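Right, I'll just put the structure down here and ask away after.
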């Protein structure tokens, strides 16, 4: 049974909402960044730019994951699925690295930061492409998220820190769930709805981040 | 007390603003309460990034004034510091 159109629209709306708020965070912080050229802010903004891109590309991966092979259109999607997986891996890895940089940028030399980030993201995406699997990306990003959580050692009790952690965790769960769907072949609608709930939680978290910083952006 | 970079920039720009947006470099240096070397570093940074500009008037007298960007920095300073405090752990 193919996925219903309503389900696809729901997924599209969720993805667009996340992309919108990620874009809003990036756009609304531009004036302050242009005035200050503050490094942590630069990486903070980049993180949301890349996350927005990752969620946008992930929408296509989700549609593939919930579709059955049958029609010509599905075969076309099937053939470009590894490429979509690679792009999701590329953008999301860069987003996670930029979040790490925004809180720990002094730990790596400035001239090495961006080359290292892009190189790592490209290598991971290429591996994901050839192995046809978002699992690899999810595993590596889980390790990256754990490193970030450990890096966030601070006396400062910040709600934004908690939101960062939740955002990263839900991203990784969401990504891994796309592979699980294909592997386990459970009831598509049940799994889709679980996936949708994860997306809605991600929306709430990103809106929470936006509201947290928006008081400073007036 | 050690002041951070943005606080010092804000202080220099505010001095210019409070001096009717026209001040010579020597009184600016004196009012900024910085060493000569530090002041020159910040001054060159602010000039290079167009927060302030130099105007040469009659008899080759050089005055320093704020640009629109300089005014915007003063206006957004508190917002800026609040945002940095929010995103840094």
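Simple spin-label model, 7 Å along Cα-to-Cβ: residue A:20 to residue A:189 in nm?
With each label placed 7 Å out from Cα toward Cβ, I get 2.8 nm.
For chain B, take the longest principal axis of its alpha carbons; what is the angle in degrees between that and the long axis of helix B:36-48, to the nearest 10 within 0 to 90?
90 degrees
On to the next question. Tell me, what is the FRET efficiency for residue A:5 and residue A:197 to the nearest 0.05, using R0 = 30 angstrom and their Cβ-Cβ distance as r? Show your work: numbers first, answer last.
Numbers: r = 20 Å, r/R0 = 0.66.
Taking R0 as 30 Å, the efficiency between residue A:5 and residue A:197 is 0.90.
With runs of 4+ DSSP H residues as the only contributors, calculate the mean residue ellipticity of the protein assembly as shown at 222 nm using -39,500 (n - 2.57) per run, divided by the residue total and rounded to the nearest 500. Could you put the intermediate results ahead of the total?
On the way: 12 runs with 239 residues, N = 307.
Value at 222 nm, helices only, nearest 500: -27000 deg cm²/dmol.
Something else: Given points 7 Å out from each Cα along the Cα-Cβ axis, report the residue A:146 to residue B:86 separation in nanometres with one decimal.
3.2 nm
Using 7 Å Cα-to-Cβ label points, what is the residue A:37/residue B:49 separation (nm, one decimal)?
In this crude spin-label approximation the distance works out to 0.6 nm.
Rounded to the nearest 0.05, what FRET efficiency do residue A:158 and residue B:71 give with R0 = 45 Å and r taken as the Cβ-Cβ distance? Could you check? Mind showing how you got there, number by number?
Values: r = 31 Å, r/R0 = 0.70.
So the FRET efficiency works out to roughly 0.90.
Here is a follow-up. Please give the average number of partner chain Cβ atoms lying within 10 Å of the Cβ of each residue in B:68-79, rounded to a whole number.
2
Nearest 10 degrees is fine. How inclined is helix B:68-87 to the longest principal axis of chain B, computing both from alpha carbons?
Helix B:68-87 sits roughly 20 degrees off the main axis of chain B.
If r is the Cβ-Cβ distance from residue A:218 to residue B:17 and R0 is 25 Å, what FRET efficiency results, to the nearest 0.05? Kindly include the intermediate steps, with their values, before the conclusion.
On the way: r = 21 Å, r/R0 = 0.86.
The formula returns an efficiency of 0.70 here.
To test your reading of the geometry: what angle, between 0 and 90 degrees and rounded to tens, separates the Cα axis of helix B:5-18 from the longest principal axis of chain B?
With rounding to tens, the tilt is 40 degrees.
Still on this structure, I have one more. Could you tell me the extents of the protein assembly as shown's C-alpha atoms along the three principal axes, largest first, rounded to whole Å?
Taking max minus min along each principal axis of the Cα atoms, the protein assembly as shown gives 85, 36, 34 Å.
Rule-based calculations on the coordinates, nothing more; no lab input. In this text the structure is predicted, and so the values were computed from the model without any measurement. Here Cβ is always computed from backbone atoms with ideal geometry, including for glycine, and neighbour counts include all displayed protein chains.
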